[in-house]
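What follows draws every value from the coordinates through simple rules; no lab data is involved. The structure presented is a predicted model; accordingly, all values stated were derived computationally and were not measured. Cβ coordinates were reconstructed from backbone atoms using ideal geometry, including for glycine residues, and neighbour counts include every protein chain displayed.
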Amino acid sequence: MENHHEEFRLHTPEFEQLNQKLDRRHFLTKTTLGLGALAVGSLFGAETLRRSAAPAASGLSEDTQEAILRALPHFAPKARRVVYLFMSGGPSQFETFDYKPQLAKLFGQDLPDSVRQGQRLTGMSANQSQLPIAPSVFKFDQHGENGTWVSELLPYTARVVDELCIIKSLHTEAINHDPAITFFQTGNQLPGRPSIGSWVSYGLGSENENLPTFISLISKNGNGQPLYARLWGSGFLPTRYEGTQFRSGKDPVLFLNNPEGYDGKDRKEMLDYLKQLNQLQNESYGDPEFDNRLAQFEMAYRMQTSVPDVMDVSKESDEVFELYGPDSRDPGTYAANCLLARKLLEKDVRFVQLYHQGWDQHDALPVGIKNQCKKVDQPTAALIMDLKRRGMLEDTLVIWGGEFGRTVYSQGKLTEDNYGRDHHPRCFSMWMAGAGVKAGISYGETDDFSYNITKDPVHVHDFQATLMHLFGIDHERLTFKFQGRRYRLTDVQGKVVSAILT
């Protein structure tokens, strides 16, 4: 049986020696040494921790570990951790950050062919006899030192606009939700690739051995496009690098608590016997998934203590709850998850992904987007302010955005106070803040219809490459060999957007 194993693509002859069979008989010894290195690393700082924990925790051979220790991070990182606020459904750039006042004069007129340029439409509006231009019904004002235009729907975000880098020239290749979200999260429109958080976890390892490196949160009572576990899955990477979903309620992590009549001593004894069984299986089959499964069991054992502590918000002051808004006292809401995200980041969880559904407004957009902005505006701004006052924003990357934008034309009937917008992948807005990103700037420009990019386009792979760069990772060098091919997050393209970095 052929063993598919981890390899890093490192461009020196000595690194080509990494293509060797893993010594699985010594896995448990290496894991023990790795945990020891983890403890030592915590004493000597994050850099030592990153360089010791990642390879040891992967169960890689000693030669592979040695090479990775010399290679990662590839250069000095700006970010230690990231919180990615994913707005599932595609927020409209017209009602948030891409101000187009000239559209008011074109109300109801058909979208010019010179603007559309034959670009494809979704099946939901392709049969419309007209594509009537729909100006936003919401006002914009200038905020911050640079007079950045922000919609009246986002008054709290406007207060922190000097911390943001608003990118108005994102573009993607997918026009429908599932492939578009999958593309953003995994670098490919088809399911099966590792998520962006899994790549970071695989490359850099953990800074807290008692919590997962990668955690996903989903706002409760969400509606709209479904979210799948594969969006935070590890794909063909070892399963220990997949994201762990935290939920609201008495069981934040499923199957973490001991069964009735079972105590911690019983659990530890079970793990000890399980370790022996997995060692026998490894000797017989050499399948790395036995090791990964054991590592996940051991993590679950440690999380029995760490999770209740991090989920406990009883020690947070009234001022903190007021900062994040009234919903922050209701576990599972977007506001409560923003507060939880800050607590996880404080515990050195490296990658926190927060999903919020409901931005897919094909009709009744003015009412729908107003409700959505009300839910996310204050907590999002609070997270920025909270991280900054705790001295964490300088090495925490914050990201806000969805999978694509919306069309300038109305889907369905257009009136003076009501309209819908279809999917638009050609240009849309998102923002980044903290950890080496220039603050208080806007980057990229679109035409008068926010239909085409006129300056500084940023592809999804460019965004991913930039995120990896901030972690000190060269996106072209962090690869994984699977079924005879070396894969990376950015596939065969992607460039770092240096102009938005400090």
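Filter the cross-link list Lys370/Lys495; Lys105/Lys438; Lys139/Lys168 down to pairs whose alpha-carbon distance in this structure exceeds 24 Å. Spell out each step's value before the answer.
On the way: Lys370/Lys495 35 Å; Lys105/Lys438 35 Å; Lys139/Lys168 18 Å.
Pairs exceeding 24 Å: Lys370/Lys495; Lys105/Lys438.
How large is the dipole of the range 447-498 about the Cα centre if only Lys and Arg carry +1 and Asp and Glu carry -1, each at its Cβ, rounded to the nearest 20 debye?
Details: 7 positive and 7 negative charges, 100 e Å.
Result for the range 447-498 is approximately 480 debye, rounded to the nearest 20.
Which distance in Å, rounded to a whole number, links the C-alpha centroids of the range 126-146 and the range 259-293?
Their Cα centres are 57 Å away from one another.
With charges set only on the Cβ (+1 for Lys and Arg, -1 for Asp and Glu), what does the dipole of the range 127-254 come to about its Cα centre, in debye to the nearest 20? Don't skip to the end; give the middle numbers.
Numbers: 9 positive and 11 negative charges, 83 e Å.
Charge dipole of the range 127-254: 400 debye, to the nearest 20.
Please list, in chain and number order, the residues 5+ apart from Arg81 or on another chain whose amide H is under 5 Å from its amide H, with Hs placed from the backbone.
Leu397
Evaluate the distance, in nm, between pseudo-label points positioned 7 Å from the Cα of Ile441 and of Phe297 along their respective Cα→Cβ axes.
Computed distance between label sites Ile441 and Phe297 equals 5.1 nm.
Considering only C-alpha atoms, what is the centroid distance from the range 294-314 to the range 378-432, in Å?
The distance from the Cα centre of the range 294-314 to that of the range 378-432 comes to 32 Å.
Could you pull out every residue, at least 5 positions away or on a different chain, whose amide H is within less than 5 Å of the one on Leu501? Hs are placed 1.01 Å off N in the peptide plane, and Pro or chain starts have none.
Lys438
Hey, can you grab everything whose amide H is under 5 Å from the amide H of Ser429? Only 5+ residues off in sequence or another chain; H modelled, so Pro and N-termini drop out.
For Ser429, the qualifying residues are Gln93.
Assuming a ≥ b ≥ c are the square roots of the Cα gyration tensor eigenvalues, decide whether the range 227-324 counts as rounded (a/c under 1.5), prolate (otherwise, with a/b larger than b/c) or oblate. Could you put the intermediate results ahead of the total?
Details: a/c = 3.20, a/b = 1.62, b/c = 1.98.
Taking the square roots of the gyration eigenvalues as a ≥ b ≥ c, the range 227-324 is oblate.
In nm, to one decimal, how far is the Ser314 label point from the Asn258 one, both placed 7 Å along Cα→Cβ?
In this crude label model, Ser314 to Asn258 measures out at 2.1 nm.
In 10 Å bins starting at 0, how do the alpha-carbon pair distances of the range 418-475 split up by percent?
Final binned percentages: 18, 44, 29, 8, 1.
How large is Rg/Rh for the range 167-238, to two decimals, with Cα atoms and a Kirkwood Rh?
1.01
Could you give each residue of the range 385-394 its phi-based ³J(HN,Hα) in whole Hz, using Karplus coefficients 6.51, -1.76, 1.60 with θ = phi - 60°, and x for Gly or Pro?
Coupling constants for the range 385-394: 5, 5, 4, 5, 6, 8, x, 9, 5, 5 Hz.
Students often forget the sequence filter, so: which aspartates and glutamates lie under 18 Å Cα-Cα from Lys374 once same-chain residues fewer than 8 apart are removed?
In chain and number order, the partners are Glu95, Asp141, Glu152, Glu322, Asp327, Asp330, Asp360.
Considering the zone a paramagnetic label at Asn221 would reach in this model (a point 7 Å from Cα along the Cα-to-Cβ line), which residues of the range 340-384 have amide N under 12 Å from it?
So the set is 375.
Among the lysines, which have Cα under 30 Å from the Cα of Lys268 when same-chain residues fewer than 8 positions away are ignored?
Lys30, Lys250, Lys343, Lys347
Which value, in debye to the nearest 20, describes the size of the charge dipole of the range 405-502 about its Cα centre when Lys and Arg Cβ atoms bear +1, Asp and Glu Cβ atoms bear -1, and nothing else is charged?
With Lys and Arg at +1 and Asp and Glu at -1, about 580 debye.
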